[in-house]
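Contents: one structure, followed by commentary.
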Amino acid sequence: MINIYQLIGQFVTIGIIVYIVFKLLYTLWSCWLGSILGFGVEWKGSVDNWAVVTGASEGLGYEFSRKMAQKRYSVLMISRSEEKLRKAKNKIEAEFPKANLKILPLDLSKAGNFTIFEETIEELENIDVFINNCGVSYKYPEYFLDIPLCDQVIDNLINVNVIAVTKLLRIVMPKMVVQSRGIIINLSSIAAVSPSPLLAVYSATKIYVDFLSRALSKEYKSKGIVIQSLMPGYVLTPMAAMRKSSMFVPKADKFIDSVLRTVGIEEQTQGYWAHKLLVFLQKSLGHTISDYLMMVWVKDVRKRYYNKMARQQARKAEQLSSNNKKLNTN
Ligand SMILES: NC(=O)c1ccc[n+]([C@@H]2O[C@H](COP(=O)([O-])OP(=O)(O)OC[C@H]3O[C@@H](n4cnc5c(N)ncnc54)[C@H](OP(=O)(O)O)[C@@H]3O)[C@@H](O)[C@H]2O)c1
C-alpha cells in the first residue's frame, strides 16, 4: 500500500518526465521535422528576388548572405568596411559563381546614413528577405560604470542595436506589405532571455529587439510577413571571441543551417538545439540559481580578459626593453 507522499512523488516524477519528453519532441519538431515536412517558409530565391543582410562582412551576417546566395537570392550585403565587404563578396562568388551580390558600405550607427539605405532599397525590385543582423556588444563583460569609454559604448549600442534595427524595418517593411510577402529575421540574443549582468546595456538592447519583433509579427502576420526574433547563445564569430567550436558554441555555418529550418515555424527561437537546451536549463534552475551561476561565469570571462591584457602588456614591455638593450649595445 503506497502512502500519500509516495503518490505525490510518483506524480511529480511522471510530470517531470512528460515535460522533458515534450520539450525534446518540440525541439525535434522546430529544428528538423517541421521544416522537412514543409511547415517552414518557402524560400523563393531568384535574380529578381532580393535578400538584404546587415552586418554582412563577417560572422553571422556573412553566413546568412552565403546561405541566401546558395538559395539563389540576389543579396545586398551591408556593413561599414568596403574592403571587408569586397572580400566577403569574392569568397561567396568563388563558391557560387552565378550569385548576384551587391555591397553597400554603410555605418549604421549614424542616423544620416538611413537615407542612403532607403535610396538603395528603392532600386531593388522585390525584397523577399531582410536579415536585420547587425549588432554590437561590449568588448568584454564589465560593470556598467567601469566600461572603458562608457558614453561612446552606450551611444554605439543604442544607435546600432536599437535605432538602426527599428529604422531599417520602417524602411524595408512597406515594400513587403505591397508584395504581401516577406521574411524578416531580427537578431536578438540569449542575453535577453533574462537580464545579463556585466552586459547590462547589450542585454537591454536585445530584449528591445525581441519585443519589437514579436509585436510586429502579430501586427503584420495577416499581411504575409513572417517575422522571427532570433535569440542565440554563443556562435563561433569574431564577436564571440572564442577559438574553438563546441557543442554549445557551434560554427556559424552549422548554426545558420539550423536557424533557416526554424523560420516560419517559430516566432521566437534560439535557432539551435544546444542553445534551446541552455535556456531550458536556465529556466528549470529558477532565477536565484541561474542568476548566481551567470554572475560567476561573466566574472570569470572578465577576469580572463584582464589576465590576457596583462600578459599582452608584459610581453610588450619585455620586447621594448630588449629593443632598448640592443640599441644601447649598438
Ligand atoms: N556571435 C554570437 O555569439 C552571438 C550571440 C547572440 C547574438 N548575436 C547577435 O548576432 C548578430 C551578429 O553577430 P556576429 O557575432 O556575427 O557579430 P560580428 O562577428 O561582430 O560581426 C558584426 C558585423 O557587423 C558589422 N558592423 C559592426 N558595426 C557596424 C556598424 N556600425 N554599421 C554597419 N555594420 C557594422 C561588422 O562589419 P564592419 O566591421 O565592416 O562594419 C560585421 O560584419 C549581432 O546582432 C549579435 O548581437 C551574436
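The values are calculated or read from the model by the stated rules, or taken from the named source; none is laboratory data. None of these values were measured; they are calculated from a predicted model. A quick note on method: Cβ atoms are made from the backbone with ideal geometry, for glycine too, and the neighbour counts reach across all protein chains shown.
Values for this structure:
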item	result
The one condition in (1) within 13 Å of the ligand (Cβ to nearest atom); (2) touching a helix residue (DSSP H, G or I) at 6+ places or on another chain (Cβ under 8 Å); (3) closer than 26 Å to LEU28 by Cα that GLY40 fails to fulfil	(1)
Subset of segment 192-245 (residues that are under 20 Å from GLU266 (Cβ atoms), more than 11 Å from the ligand (Cβ to nearest atom) and assigned to a loop (DSSP other than H, G, I, E, B))	SER194, GLY224
Residues of segment 59-81 satisfying the condition of being more than 16 Å from ASP128 (Cβ to Cβ) and either assigned to a helix (DSSP H, G or I) or among the hydroxyl-bearing types (Ser, Thr, Tyr) (or both)	GLY59, LEU60, GLY61, TYR62, GLU63, ARG66, SER79, SER81
Total residues in segment 188-204, condition closer than 15 Å to LYS299 by Cβ and either crowded, with 20+ Cβ neighbours inside 10 Å or within 16 Å of the chain's Cα centre (by Cα) (or both)	3
Yes/no for SER284 being more than 14 Å from the chain's Cα centre (by Cα), more than 16 Å from the ligand (Cβ to nearest atom) and more than 24 Å from PRO141 (Cα to Cα)	yes
Matching entry among PHE130, PHE114, PHE64 (being surrounded by fewer than 23 Cβ atoms within 10 Å (Cβ to Cβ) and aromatic (Phe, Trp, Tyr))	PHE114
Residue in segment 88-100 that is surrounded by 14 or more Cβ atoms within 10 Å (Cβ to Cβ) and under 20 Å from the mean Cα position of the chain (by Cα) present	yes
Residue match in segment 16-37 (condition: modelled with pLDDT of 90 or more, assigned to a loop (DSSP other than H, G, I, E, B) and either surrounded by 13 or more Cβ atoms within 10 Å (Cβ to Cβ) or of a type in the set (A, V, I, L, M) (or both))	yes
ILE121 vs. criteria among the aliphatic types (A, V, I, L, M) and more than 16 Å from the ligand (Cβ to nearest atom)	no
Test for ALA192: is it free of Cβ contacts under 8 Å to residues at least 24 places away in the same chain and of a type outside the set (D, E, K, R)	no
Among the candidates LEU157, LEU168, residue that is touching a helix residue (DSSP H, G or I) at 6+ places or on another chain (Cβ under 8 Å), surrounded by 13 or more Cβ atoms within 10 Å (Cβ to Cβ), at pLDDT 95 or above and within 19 Å of VAL263 (Cβ to Cβ)	LEU168
Residue in segment 251-272 that is under 30 Å from VAL41 (Cα atoms) and free of Cβ contacts under 8 Å to residues at least 24 places away in the same chain present	yes
Residue among ALA56, ALA51 that alone is closer than 19 Å to VAL172 by Cβ, within 16 Å of the ligand (Cβ to nearest atom), in a loop (DSSP other than H, G, I, E, B) and in contact (Cβ under 8 Å) with a residue 60 or more places away in the chain	ALA56
Index of the failed condition, PHE255 passing every other in (1) away from the ligand (no atom under 11 Å from the Cβ); (2) more than 29 Å from PHE144 (Cβ to Cβ)	(1)
Single unsatisfied condition, LEU327 versus (1) surrounded by 12 or more Cβ atoms within 10 Å (Cβ to Cβ); (2) not in a loop (DSSP other than H, G, I, E, B)	(1)
Filter result for TYR140 (within 17 Å of ALA240 (Cβ to Cβ), within 14 Å of the ligand (Cβ to nearest atom) and in a helix (DSSP H, G or I))	no
